[in-house]
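So the structure is just underneath, and the comments pick up after that.
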Amino acid sequence: MFLKRLLGVVSLEIISAEPLKLLNELIRQNITLLSSYIDGYTLNAKIYFVDYFKVKKVVRVRDEKIEAIKDNGGIISFFFRYRLRYGLMAGFIISLLTCIFLSNVLLEVQINGADEQTKAQVLSVLEQDGVDIGAFLPTVNRLALECDLVDNTSTVALADTRTEGCTLIIDIKMIDEKPSTKTSRIYADIVADRDAVITSMEIFAGDKVKVVGEEVKKGEVIVSGKMTLHGKLLPIEKEAYFYSSGKVYGDYDETVSFYVPFNDVEQTVEREVSTAQYFQFFSAQIPFNPFADNSGLKESESISYFSLFGLELPFGIATKTYDKYDFEAIVRSEEEAISVGKRRTQNYEENILKDKTILSRSEKVDVADEGITITVTYRLNGEIGEIKEIFKK
């Protein structure tokens, strides 16, 4: 029932020499027939208003005539009748947008459960966050506002916000004093994340266990967060813990392999094979063309919101573009496979090794029946230290 009221229903009487063939043609054109019957040379049918122009085109091609038309109403057909009265349509749209905008404008702030001093603090936080009379309520980040009320006031333990019409209601739960907090420090070593030879160190905190030029194994401690303090002013030795910080660089070897088959499947992309536009209203989307079929395509979306007096409104136009992805079987020669492998090697060096210095490299190509393998051995210089937490007993 709702669909009929939305799309509108049209009753038609079509004079045709072959009404049965005409009926079959309408069905082939995917026209939804709500009801239909043949009376002599007359085809009587009820269709949605959005299908009326399809029917009109079929009838015109067959050189036949629509004898009687009865519009049973509907939202789309109503607007269609007034489509050329631009002033009326513009006035209706502006009135609708104004009503929506004004119904979401903040006109009153109601604070519950707080004394006068706390209310003054809450209003100060609201002003800092830009939540004042005249603010557009859908743009207010209520979760961030609640966190700010707890963090930036001295007596608010919990804040809950909600809206009723144009009123922002803030429920406050107060505390007598802020609870004391106990901070716990984290202590950590810097350990080697691979076998390497240390070339340089920049240590800001911690006790050096290894020195430049020394070999380290993966997992060995380079900088310790545990130190033993002693001296003239200390009658006994004392242990102290730190969070080690700094950077350790070293030379190390790394080997990677890239396999390229002769017979492969490659993905192909055809960009923007179709586009579709929607009217975005909050999180709802109403398609301009509800009959477009974009199944099997990958979509990407961009939304352009309307604005009024510099404020972004919660509705606008959403544009979706659709890309077609397919797979294609390819056969490579040995030279082509080696070329692909070298490109992958180059991409690896430009992306994965971009923060490291390549001291030397050796490359080996192995050819098999199914494909080729390129093995590259690097001598690199880069950061070799990683943070590992230690626990104080």
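The values are calculated or read from the model by the stated rules, or taken from the named source; none is laboratory data. Since we're looking at a predicted model, the values are computed, not measured. FYI the Cβ positions are ideal-geometry reconstructions off the backbone, even for glycines, and counts take in every protein chain you see. The area values use the complete protein model at the heavy-atom level, side chains included, leaving out ligands, DNA and RNA. Shrake-Rupley method; radii C 1.70, N 1.55, O 1.52, S 1.80 Å.
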**Report entry** Failed item in (1) among the β-branched types (Val, Ile, Thr); (2) open to solvent by less than 90 Å² (accessible area, probe 1.4 Å); (3) modelled with pLDDT under 90, with ILE286 passing the rest
**Finding:** (2)
Report task. Scan region 33-42 for residues that are surrounded by 13 or more Cβ atoms within 10 Å (Cβ to Cβ) and either under 46 Å from the mean Cα position of the chain (by Cα) or hydrophobic (A, V, I, L, M, F, W, C) (or both) and jot them down. Result -> LEU33, LEU34, ILE38
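Quick one: would you say THR153 is open to solvent by less than 40 Å² (accessible area, probe 1.4 Å) and either modelled with pLDDT of 85 or more or touching a helix residue (DSSP H, G or I) at 6+ places or on another chain (Cβ under 9 Å) (or both)?
Numbers: open to solvent by less than 40 Å² (accessible area, probe 1.4 Å): yes; either modelled with pLDDT of 85 or more or touching a helix residue (DSSP H, G or I) at 6+ places or on another chain (Cβ under 9 Å) (or both): yes.
Yes; evaluated as a whole, the condition is true for this residue.
Residues checked against (1) surrounded by 12 or more Cβ atoms within 10 Å (Cβ to Cβ); (2) out of contact with any Leu (no Cβ under 6 Å at 6 or more places or on another chain):
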site: PHE262; (1), (2): yes, yes
site: PHE281; (1), (2): yes, yes
site: SER304; (1), (2): no, yes
site: LYS324; (1), (2): yes, no
site: SER339; (1), (2): yes, yes
Report task. Hand me the list of strands (runs of 3 or more DSSP E) wholly inside region 300-393 holding 3 or more residues that are at pLDDT 90 or above and in contact with a Phe, Trp or Tyr (Cβ under 6 Å, 6 or more places away or on another chain). Result -> 371-383
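For every residue, the table says whether it meets (1) part of a strand (DSSP E or B); (2) at pLDDT below 90; (3) open to solvent by 50 Å² or more (accessible area, probe 1.4 Å); (4) closer than 30 Å to LYS217 by Cβ.
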| residue | (1), (2), (3), (4) |
| --- | --- |
| LYS173 | yes, yes, yes, no |
| GLU177 | no, yes, yes, no |
| LYS182 | no, yes, yes, no |
| MET201 | yes, no, no, yes |
| PHE204 | yes, yes, yes, yes |
